[in-house]
1. With more than 25 Å from A:ALA367 (Cα to Cα) and open to solvent by less than 30 Å² (accessible area, probe 1.4 Å) as the only criterion, which of A:VAL267, A:VAL290, A:VAL224 stands out?
2. For the stretch A:438-452: of the residues being surrounded by fewer than 21 Cβ atoms within 10 Å (Cβ to Cβ) and either assigned to a loop (DSSP other than H, G, I, E, B) or not basic (Lys, Arg) (or both), which is farthest from ligand 2 (Cβ to nearest atom)?
3. Quick check on my filter: what residues within the stretch A:380-406 are within 11 Å of ligand 3 (Cβ to nearest atom) and over 32 Å from the mean Cα position of the chain (by Cα)?
4. Is it the case, given these coordinates, that B:LEU28 is in contact with a His (Cβ under 8 Å, 6 or more places away or on another chain) and surrounded by 13 or more Cβ atoms within 10 Å (Cβ to Cβ)?
5. Out of the strands (runs of 3 or more DSSP E) lying entirely within the stretch A:211-296, which hold 2 or more residues that are among the β-branched types (Val, Ile, Thr)?
6. Exactly one of these conditions fails for A:CYS335: (1) closer than 30 Å to A:ILE278 by Cα; (2) within 16 Å of ligand 1 (Cβ to nearest atom); (3) of a type outside the set (Phe, Trp, Tyr). Give me its number.
7. Could you list, in sequence order, all residues of the stretch A:398-437 that are in a loop (DSSP other than H, G, I, E, B) and within 10 Å of ligand 2 (Cβ to nearest atom)?
8. Tell me whether the stretch A:196-206 contains one or more residues that are open to solvent by 10 Å² or more (accessible area, probe 1.4 Å) and part of a loop (DSSP other than H, G, I, E, B).
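The values are calculated or read from the model by the stated rules, or taken from the named source; none is laboratory data. For clarity, every value in this text was computed on a predicted model and none was experimentally measured. Positions of Cβ are generated from backbone atoms using ideal geometry, with glycine treated the same way; all protein chains shown enter the neighbour counts. Accessible surface areas use protein heavy atoms only, side chains included; no ligands, DNA or RNA. Shrake-Rupley method; radii C 1.70, N 1.55, O 1.52, S 1.80 Å.
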Amino acid sequence: MNKKQKIDLDQLKKGGMVKLNEKDMFSVWVRTVCCNMDAKKLQKVADLAEKYGRGYVLFTTRQLPIIPFVHIDDVTTVKEELEKVHLMLDRCGARVRNTDVCYDANICSYAVTNPISLGEKIDQFWKNDPGGRKIKTSIAGCSKQCTSPRVLSDIGFVGGEKGYDVYLGGRLGLKPNIGSMVAESISEEECVSLLKNYVALIREEKWKGKRGADVVNALGVPAVKEILNKNLGEKHSEKAFLCDTRQDNKIEDGKIILRIRATCGEVTSDQLRKIADIAENYGKGFVHFVLRGGPEIPGVDKSKIEEIRKKLAEVNLEILDQGVDNLQTCFGAYCTNGIMDTQALLKKLEKIIKKLGINDLDIKISASGCPNSCGISHLSDIGFLGVIYPIVNKKTCTGCEVCVKACKVDAISIQNKLAVIDYNKCVWCMDCINACPFDAIEKGKKGYSVLVGGRGGYSPNDQRGGETKLGKVIKEFVSEDEALEIAEEILKNGKYKS
Amino acid sequence: MENIKVDQKIDLRGVSCPLNFVKTKLKLEEMQRGQVLEVILDDGEAIQNVPRSIKEEGHKILVVARIDQKYFRVVIERGEES
Ligand code: SF4
Ligand code: SF4
Ligand code: SF4
C-alpha cells in the first residue's frame, strides 16, 4: 500500500508522463527550454534512463528527451531526481505544450529573426498564464521552417526579413491541416499580444476541447484575423526570462552545427553521455533537440569533425552527414495507440537505404504507429502510418456510445442500439477498438498507409521546391514487406510507379 | 436498471485524465475480487479513456450508461489481483 501512495497525483494532473502499452509503464517527458539541454542535465537524464527506464532515451518530434518505460511507482523518484538538477517534467494532454523553437540567430546562419528571443517571451507569457487548453506553438527563424510551425502548431511563427508571419490552425493527426496566415511581419511584442488574444478566444466555453484548426474552420480566416489582431501594440510589462543557452555573440567562422543520426530517435544512455561529453568539450556545452529526432551539437569546429566521428563510433553513433535525413518515428510499438511496429519497419528500411547507397540528406522519411501521425508522416517525402480496419460485433455491442465519443472523425453512429461504422469516413485509427469497454469492435486487417510528397517547410536549395504540403496517400493497408518495397522503388526511381 | 449489487461508489465528475483513471485504479485495489464499483465520469475524454484503461488492468466493465447530457455511469467488477 505504501508503494501505491507514492504515486504523485499532482504530477499526474500536470502531465509530463504518458502511459505506454505495457502495464504500469509510463514515459517521462523532460522539459527543455528553447529545445536545448545542457550537458550536465543530459548526463542526469541518461543516468535516470538507465536506472529507472530501459537504458535509452527517445528523441521525438516534441523536441525534448523522453525516458520510456518508467514504472508508475518510480515516476515520483524520477521527478525528484530531475529536480535536483533543475529539470522538470513537461506538460502534455489538454495543456499548453512546450514552445518548439529552432536556433538562436547567432548559431544558425539561415536565421533572419531571433527565435530564441521570441521563445523566451512566449515562455514567460505561459509562466504567468496556464493556458488551460491544448495549445501548441512553434517558432522558426526562416522560411526553411525546421520546426514546421505551419502544420505542427495551433499558432506558428515563421521569421521573415521584417518580422514574424503568424499561422493559425496547424495540426497533424486524423484531420491534418495547414495553418492559415493571420498576421504578417509583426514584432516579437506583437506576437505575444496575438498569442494572448488567441488564448482569450480559445478559453471561451464553446471551444472546449477544440484546436486552432477548428476555430479557423468555424469562423473563417478574416474573422479570426480581426480577433487576433486586436490591440497588438499593447506593451507587456513582464520581463522576459533569459534562456541559459542564449548566445550573445555570432558563432565564429568555421563552426558548425553537428548533427548525429539517431534512427527512430533511440539513443542509449551510454550514447547520450558521449553526446553530452562532446557538447561540453567541442561545442557550446548544450545539445539541441530537433524535430527530426537526431541530436544536434551546435558550435563545433569543422576541423574537429573526424576526431569527433571516431569518438562517436566508440558508442556506435554516426554523424548525420551522409545517407538520408534521420529516420523518424513516433512511439510506434510502445504507444497504447500503436497499430504497427514502426521501429522494426524503419530499421529494415535503414539497411535498404545503405544497400542502395543513397546520399541525399534532403530526403525525409518518417513513420507513425497509427494515423495520429505523431511521427510527422504527412510532412515527409515518404511517410508511413499504421492503419487497422474496425468491425463491430453485433452480438457483443451494447450500444453504449463510448465508441461514438472516441471517434474523432464522427464515423460512428448508434442505430437500433448498435454501433454502425461509416467506412467512407473512417480513417482506420483504432480509437474505437481501444475505447470499447466490451471489446465489441474487432480488429480487421491491418498494415501501413504509404504517403508521399509531404514537406514541412521550404527548402531553398531543393529542386523539388515548393511550400509546406501534406503528403498524399498512395497505398493503404500494405504489409511491412510491401511498404519496404514501395519505399525502395521510390528511392531508386524518384517516384512510385503503379 | 440492471440487477447488479454495487459495493462502492466514486464520483469523478470534473476530474481530468489521467487522474480519474488513477483514482479508479486505487479504489479498485482496495476492494476484493468480484466486488463491484460504480464510477461517475464526465462525457468526453474521461469516458473514452477510463473504461479502456481499467479494462487493460484486468477488471471487467459490466455497464456503461449515459446518465444525462454530461455524465456517464460505469459499473466495474474488480478483477484478479494484479
Ligand atoms: S502516431 Fe499513434 S502510435 Fe504514434 S505516438 Fe501518436 S498515437 Fe501513438
Ligand atoms: S463502445 Fe462498444 S459496446 Fe459501446 S456502442 Fe461502441 S461498439 Fe457498442
Ligand atoms: S471508426 Fe474507429 S477506426 Fe474509424 S476513424 Fe472512427 S475511431 Fe478510428
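1. When all the criteria are applied, what remains is A:VAL224.
2. Going through the qualifying residues, I end up with A:VAL452.
3. Within the stretch A:380-406, A:VAL392 is the sole residue that qualifies.
4. Spelling it out, B:LEU28 is indeed in contact with a His (Cβ under 8 Å, 6 or more places away or on another chain) and surrounded by 13 or more Cβ atoms within 10 Å (Cβ to Cβ).
5. A:255-259, A:266-268
6. Exception for A:CYS335: condition (1).
7. Those that are in a loop (DSSP other than H, G, I, E, B) and within 10 Å of ligand 2 (Cβ to nearest atom): A:THR398, A:GLY399, A:CYS400, A:GLU401, A:CYS407, A:LYS417, A:CYS436, A:PRO437.
8. yes
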